[in-house]
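Worksheet: one structure, shown below.
The values are calculated or read from the model by the stated rules, or taken from the named source; none is laboratory data. The shown structure was predicted, so the numbers you read here are calculated from the model rather than taken from an experiment. For neighbour counting, all protein chains shown are included, and Cβ atoms are generated from backbone atoms with ideal geometry for every residue, glycine included. Only protein heavy atoms, including side chains, enter the accessible area calculation; ligands, DNA and RNA are left aside. Shrake-Rupley method; radii C 1.70, N 1.55, O 1.52, S 1.80 Å.
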Amino acid sequence: PLVRQLHEVLHALPLLQQLANPTKTLGEMASTKKRKTIQMVIEMRMMGRNMVHEKRKEMEGWDGQIPTDDLLAWLITANDGAGLSDEEVVDDIMTVYLVMDNMSKQIGSLFIYLIDHPDIYKKMETELRDTPITGQRSLAKLTYTEMVILESLRMTPVLLRGTRWMKNDATVDGYHIPGDVQFQYSQYVQHRNKKFWPKPREFDPERFANGIPGVDDMTFFPFLAGPRACLGKHVAMVSMKLMLSMMARNFDLTPQPTGTIPVVNQAMAVTRLKGGPFYYVQPRSYEHLNEE
């Protein structure tokens, strides 16, 4: 059992890296909260293995014909084609789960910013109501909605920071970084750097009117970058558009300012906005829906 638990923890390391602090001993890290997180990751991976095992049994009678809406079957097929293991399929399942969880919280941050910008909200709402989503092409037409999402990701990226291990010595902006050390960077800080973003604390989707700036020079990377960028970034963008479309077409949202200012709250390495305003949500009438 001990060997098995160690095996589980090793496979949980991509998530547990967020808990790591090289200045603390193992005993100091083993707090109740972190032990619960480790146990949660172990249980999630066991669930993932069971899902993959059951899906493989189900796929035996399909003769290679995979339903277009079966994401797990496509993940298994793609990983088989790349010569990857079932453990790596479980990694993908974990990633998709975390993407969906973080996406919902990102939508919450977006609406907190919009409460002070009714003109931006109205323009986005109009686009969403005028553009029913029927497929990939209709998603591509939601250009202003995408600009709003990108600006919310700039202001409050899902991750507060990222971590990499330096293989070799390097010099960054005049600072020497030795090899074989853990290197942390913050997209939250970079996204608010006035050297790269004019008026960085203002919510302004028009920054993205001509595409996504700062990708090549790493001044905008809400989903990280390079070969270890977030696997689910495209799933997240599509899902956020779908969620916003469903909300705009089915509900009227009325902002209710509370006079409080939301603050950034850090949970592990994840960014959250805490406090601030809220909305009244009123279902739209069937007459409106039929007209659309």
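Using a cut-off of 15 Å between beta-carbons, work out the net charge of the residues near residue 136 (Lys and Arg +1, Asp and Glu -1, residue 136 not included).
+1
The Cα-based radius of gyration and maximum Cα-Cα distance (Dmax) for region 63-197 are 20.3, 58 Å.
The 1.4 Å probe gives accessible areas that order 197, 165, 62, 74, largest first, as 165, 74, 62, 197. I need the calculated FRET efficiency for the pair residue 256 and residue 218, taking r as the beta carbon distance and R₀ as 35 Å, to the nearest 0.05. So the FRET efficiency works out to roughly 0.35.
In this calculation the C-beta distance from residue 199 to residue 54 is compared with R0 = 51 Å, giving a FRET efficiency of 0.45. Take residue 80: with every protein chain present and a 1.4 Å probe, its accessible area is about 70 Å².
Normalised by residue number, the volume inside the convex hull of the Cα atoms of region 147-254 is 124 Å³ per residue.
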